[in-house]
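Student: Sending over a structure as structure tokens; questions will come in a sec.
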Amino acid sequence: MTFIDSFLLAFRTVRSNRLRTGITVAIIAFGIMALIGIITAIESMNQSLRESFSSMGANAFSVRFKESSGKVGRHDREEVTLSKRGQREKKSNLGKVITKEEALLFKQTFAYPAGVSIYFRMGTNVECRFKDKKTNPQGTVWGVDENYLNVTGYNIQKGRNFSSMDIESGRNVCLVGYNVATKLFGELAPEQCIDKVILVGGMEYRVIGLLQSKGSSSFLRQDEVILTPYNNSARFNNPSNTYTVGVMVGQVQALEGGIDETTALFRSVRKLEPTEEDNFVIEKSDKFAEMFIGFLSSITGSAGAIGLITLIGAAIGLMNIMLVSVNERTREVGLIKAIGGKSKNIRQQFLFESMIISLLGALFGIVLGVLVGNLFGLVLHTGFVIPWVWVITGIVICSIVGLAAGIYPAMKAARLNPIVALRYE
């Protein structure tokens, strides 16, 4: 009895017991589907995050105030701590917002070859209206300058950007995100928004520009924005009291130099002494993407644990079925031995059966997992994702499961006495 004979006999046995094989394959397939499906969905989310943040450019960074983490000292007795670099960190300076004057001073004096924009959040969860149409109350209104689009990666689809006159006068004009325009003017005619007067938070604004879509996969709702001149802030209730400064250098290689220049100038703008710690934070555009992706990586471990637990249960079930198969085919084993079959042929046959069932489960589980995971990708409008590393890992795991579940039943079958086996009823 050759190696090929053992495999073909095992395959015919698996095919003849379709119900039992199908149930076992389904158990293994669901375990692999859970693993591959979750991993595929996470890969889609990672791709969506990268697309969302890459639009800001790898050569961009922003400056914001450092939030206070401790008690503010009294004016007559200022609390001071030492940083790791030995610089003094004034607690009264922590949480000190970046004012418009500071932001403007930085913008006017920054000599490094880079684009600079100042902006701040004027309102969140804002509802927009045009005649009888309205958006969901989830829009964000930003007070910006004329450089905001270049620094943050937005492009004008129709209309124009803000002029210096718009910024200085703080007139009621705005640029609208693509989703806002489609909800107010229809998916087929968002460009009709130009020169129309819409209500933003109950106030009238004339639309002068439509922003190109950054994709509905964006986790930051970058198409749900309304941009208006920063001098227009008096028309909103409870706007943010701190400005953010965005900087975009010409090349990625110049990024570190731009950060160094920004740090030095901003310390001067904030009137910090050489021995004092920075009371502002510089963040690269991909920081949040890395944070989210790191969070999703921890979910990957949980997904692996879920799939592993399911596969352990499948391995136990597969071993049980193989033991039942040994008892059912005791006479068959005795007959194979009686006509010259060796113990190793018996072991091979039962191991092949276990491996075939396990790998069939892996095949169906991988296909189902990739399809289910990419359904989530369709929601995020990302491309078709196949996590090849985890696909190969799933096949290897199922091979190990099949091997481990089949070893004991195969050895038990190989040890049967042919005389006793032939007399078995």
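Student: If we only count helices (runs of 4 or more DSSP H) wholly inside region 97-193, which ones have 2 or more residues that are of a type in the set (D, E, K, R)?
Tutor: Fully inside region 97-193 and qualifying: 100-109, 164-169.
Student: Taking the condition of a type outside the set (Phe, Trp, Tyr), over 26 Å from ALA60 (Cα atoms) and assigned by TED's automatic domain parsing to the domain that holds VAL249, does THR152 pass?
Tutor: When the stated conditions are applied, THR152 does not pass them.
Student: So which residues in region 1-12 are crowded, with 16+ Cβ neighbours inside 10 Å and under 45 Å from the mean Cα position of the chain (by Cα), if there are any at all? Lay out the reasoning, then the answer.
Tutor: Of region 1-12, the ones crowded, with 16+ Cβ neighbours inside 10 Å are 1, 6-7, 9-10.
Across region 1-12, the qualifying residues are PHE7, ALA10.
Per-residue answers, yes or no, for (1) crowded, with 22+ Cβ neighbours inside 10 Å; (2) modelled with pLDDT under 90; (3) touching a helix residue (DSSP H, G or I) at 6+ places or on another chain (Cβ under 8 Å):
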{"position": "GLY95", "(1), (2), (3)": "no, yes, no"}
{"position": "GLN108", "(1), (2), (3)": "no, no, no"}
{"position": "SER117", "(1), (2), (3)": "yes, no, yes"}
{"position": "ASN125", "(1), (2), (3)": "no, yes, no"}
{"position": "VAL144", "(1), (2), (3)": "yes, no, yes"}
{"position": "VAL151", "(1), (2), (3)": "yes, yes, no"}
{"position": "SER163", "(1), (2), (3)": "no, no, no"}
{"position": "GLU168", "(1), (2), (3)": "no, no, yes"}
{"position": "GLU191", "(1), (2), (3)": "no, no, yes"}
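Student: Looking at the structure I just gave you, is THR81 over 41 Å from the mean Cα position of the chain (by Cα), modelled with pLDDT under 80 and of a type in the set (Ser, Thr, Tyr)?
Tutor: Working: over 41 Å from the mean Cα position of the chain (by Cα): no; modelled with pLDDT under 80: yes; of a type in the set (Ser, Thr, Tyr): yes.
In short, no.
Student: Could you go through region 267-287 and let me know if any residue there is modelled with pLDDT of 85 or more, among the aromatic types (Phe, Trp, Tyr), touching a strand residue (DSSP E or B) at 6+ places or on another chain (Cβ under 7 Å) and outside any loop (DSSP other than H, G, I, E, B).
Tutor: yes
Student: Name, by its number, the condition in (1) in a helix (DSSP H, G or I); (2) crowded, with 21+ Cβ neighbours inside 10 Å; (3) modelled with pLDDT under 80 that does not hold for ILE357.
Tutor: (3)
The values are calculated or read from the model by the stated rules, or taken from the named source; none is laboratory data. Quick caveat, the model's predicted, so the values are computed rather than measured. Every residue, glycine as well, gets a Cβ built from its backbone with ideal geometry; the counts of neighbours run over all protein chains shown.
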